[in-house]
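Trainee: Quick one: the structure is below, and I'll ask about it shortly.
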Amino acid sequence: MYSIEIMVEEHANICRMLKVVRKMCIGILEGQEVCDTDFRDVIDFIRNYADAYHHGKEEKFLFPEMVMKLGKVADNLITHGMLVEHNLGRSYVMALETALNQYKENQITDHKLDIITSAMAYANLLEAHTEKENNAVYTYAERALKDDVKTEIDDECHRFEEKEESVLERTKYLEILDKLENRYMKMSSSR
Ligand SMILES: [Fe+2]
Ligand SMILES: [Fe+2]
C-alpha cells in the first residue's frame, strides 16, 4: 500500500532521530554540557513530526479502519497496544520537557539524570513500537484489509501528503533531523 510505504519511510526517519537522542545522552554521560536548544529541537521533531504528522496519519487513516473492519484481534492490537504506546511516548516527552526546564533553573545532576532517563525511555519505546508496526501491524493491514478499504486509506494519505502545509512540515523536520545528525552522529565516543 502507498500509505504504508510512506509510513515505513517515516519510521526510518524517526529511528534516525532516536539514534541522535542516544548519542546526545551518551555525550552527557561522558561529560558534555546539556544542549538545551538541541533537546528543544528533538522535542519539536518528536511532537510535530513523529507524533502529529506520523502518528496522526496512523490514528486518523489506518487504525480506525483496522479497528472497524478487522474485529477483536485488531482492536486489541490497536486500541490496547499501539494507541497506548503513542500515549506513553507523549508522557515521556512531557517528562523530558519538565526535566529540561528544571535543569535550566537549577543545574544539578538529579535533573540531568531525569533528562537522560526520559529521553532514553522515549527512544527505546519508539524503537520497539516502530518495529512492531513494520513487522506486525502494517503487514496485518496489508494482508487482511479489503482492496477498496486500502484504496480509500491510500487516497486519504495521498491527499494529506500533497497539502502545502504537509510539504512544509516535512521539509522543516527533515532539515532539523539532518542538522542534528550532522552534529551528533559524527562525534566519536570517548570510550
Ligand atoms: Fe504508531
Ligand atoms: Fe508508526
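Every number in this text was worked out from the coordinates using simple rules, so none of it is lab data. Quick caveat, the model's predicted, so the values are computed rather than measured. We place every Cβ from the backbone using ideal geometry, glycine too, and count neighbours over all the protein chains shown.
Trainee: Any chance you could list the semi-axes, whole Å, largest first, of the equivalent ellipsoid that the Cα gyration tensor gives for region 94-171, using √(5λ)?
Mentor: 39, 19, 7
Trainee: Name the residues of region 120-151 whose amide N is less than 20 Å from a point 7 angstrom out from the Cα of Glu30 along the C-beta direction?
Mentor: Flagged as within label range: 120-121, 123-124.
Trainee: Normalising by the residue count of region 38-132, find the relative contact order in percent from Cα pairs under 8 Å and 6+ residues apart.
Mentor: It rounds to 26 percent for region 38-132.
Trainee: To the nearest 10 degrees, how steep is helix 109-132 against the longest Cα principal axis of the chain, on a 0 to 90 scale?
Mentor: Roughly 20 degrees, rounded to the nearest 10.
Trainee: Counting helices only, and only those DSSP H runs with n ≥ 4, report the 222 nm mean residue ellipticity of the chain as the sum of -39,500 (n - 2.57) divided by its residues, in deg cm²/dmol to the nearest 500.
Mentor: Rounded to the nearest 500, the figure is -25500 deg cm²/dmol.
Trainee: Under unit Cβ charges (Lys, Arg +1; Asp, Glu -1), what dipole magnitude, rounded to 20 debye, does the chain have relative to its Cα centre?
Mentor: Charge dipole of the chain: 620 debye, to the nearest 20.
Trainee: To continue, here is another question. Under Stokes-Einstein, with the Kirkwood radius over Cα pairs standing in for Rh, what whole-number D in µm²/s applies to the chain at 25 °C and 0.890 mPa s?
Mentor: Result for D is 139 µm²/s.
Trainee: Another one. Determine, for each peptide in 33-42, 162-171, the mean count of other beta carbons within 10 angstrom over its residues, then list the peptides with the highest first.
Mentor: Put in order of decreasing packing, that is 33-42, 162-171.
Trainee: How do 137-143, 25-31 rank on mean C-beta neighbours within 10 Å, highest first?
Mentor: The most tightly packed comes first, giving 137-143, 25-31.
Trainee: Shape call for region 12-113 from the C-alpha gyration tensor, a ≥ b ≥ c root eigenvalues: rounded (a/c under 1.5), prolate (a/b greater than b/c) or oblate?
Mentor: Prolate shape, in that a/c is at least 1.5 and a/b is the bigger ratio.
Trainee: Note down the relative contact order for the chain as a percent, whole number, built from C-alpha pairs under 8 angstrom at least six residues apart.
Mentor: Result for the chain is 40 percent.
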